[in-house]
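The values are calculated or read from the model by the stated rules, or taken from the named source; none is laboratory data. For clarity, every value in this text was computed on a predicted model and none was experimentally measured. Ideal geometry is used to build each Cβ from the backbone, glycine not excepted, and the neighbour counts take in all protein chains shown.
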Amino acid sequence: MYASTTAVPDAIRRQLGLGEQVLWHGQPIDGLRLRPRDAFFIPFSLLWCGFVVFWNVTVWSQHSPLFFRLWGVPFLLAGAYMVIGRFFVDAWMRARTDYAVTNERILIVTHLFSERVTSLFLASLPEMTLQVDASGRGTIQFGIGTPVAVTWNPLGTFNAQQGMPPSFFEILDARAVADLVRQLQERRRT
């Protein structure tokens, strides 16, 4: 499996060194997605939002002081984000992520507000883990993750993947891409 017929994105092309060739490039699956972590976050966000809506309705209907009325608004916005908005932010972030396998390294380029590049050289690539579903879509993790920690990141999303190593998340033909990486590693060893 080698480079697709689509043009290599500029975000990847800018990262290439002299003589470096793109053998595969892709992006995560687009659109709204449910992930395993949502089994926790959906009930939590519904409970959070339900309590905040109840609190705000109570405070506003009893004509409480302005401070108390305004105090609940940020929590209401956070609740709306946790219930609905985070799915759109996740889709937006995935749409701005490019992956590539070159003859020398693995590239992960995200271009949200600024460009961030993760580069892993094939010669020193850590352990690779592959998870594939029945459709062939899957995730390739490069390295072993640290224990999962639930954090709040600067984009305002809960992040339960803080401990994840660099990954090609939800790509098509994940097994073929993983095989390509293994073949390139074997060639480098010989």
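Brief remarks follow.
- Considering region 50-59, the residues that are crowded, with 16+ Cβ neighbours inside 10 Å and in contact with a Leu (Cβ under 8 Å, 6 or more places away or on another chain) include one that is farthest from G85 (Cα to Cα), namely N56.
- Residues that are surrounded by fewer than 16 Cβ atoms within 10 Å (Cβ to Cβ), touching a Leu at 6+ places or on another chain (Cβ under 8 Å) and within 18 Å of G143 (Cα to Cα) within region 76-125 comprise V117, T118, S119, listed in sequence order.
- Complete set of residues in region 31-49 that are under 29 Å from Q131 (Cβ atoms) and surrounded by 12 or more Cβ atoms within 10 Å (Cβ to Cβ): R33, R35, R37, D38, F40, F41, I42, F44, S45, L46
- Test: residue in region 175-190 that is at pLDDT 85 or above and in contact with a Ser or Thr (Cβ under 7 Å, 6 or more places away or on another chain): no
- Residue match in region 128-137 (condition: part of a helix (DSSP H, G or I) and either out of contact with any Ser or Thr (no Cβ under 6 Å at 6 or more places or on another chain) or in contact (Cβ under 8 Å) with a residue 60 or more places away in the chain (or both)): no
- Residues within region 28-77 that are part of a helix (DSSP H, G or I), among the aliphatic types (A, V, I, L, M) and in contact (Cβ under 8 Å) with a residue 60 or more places away in the chain, tallied: 0
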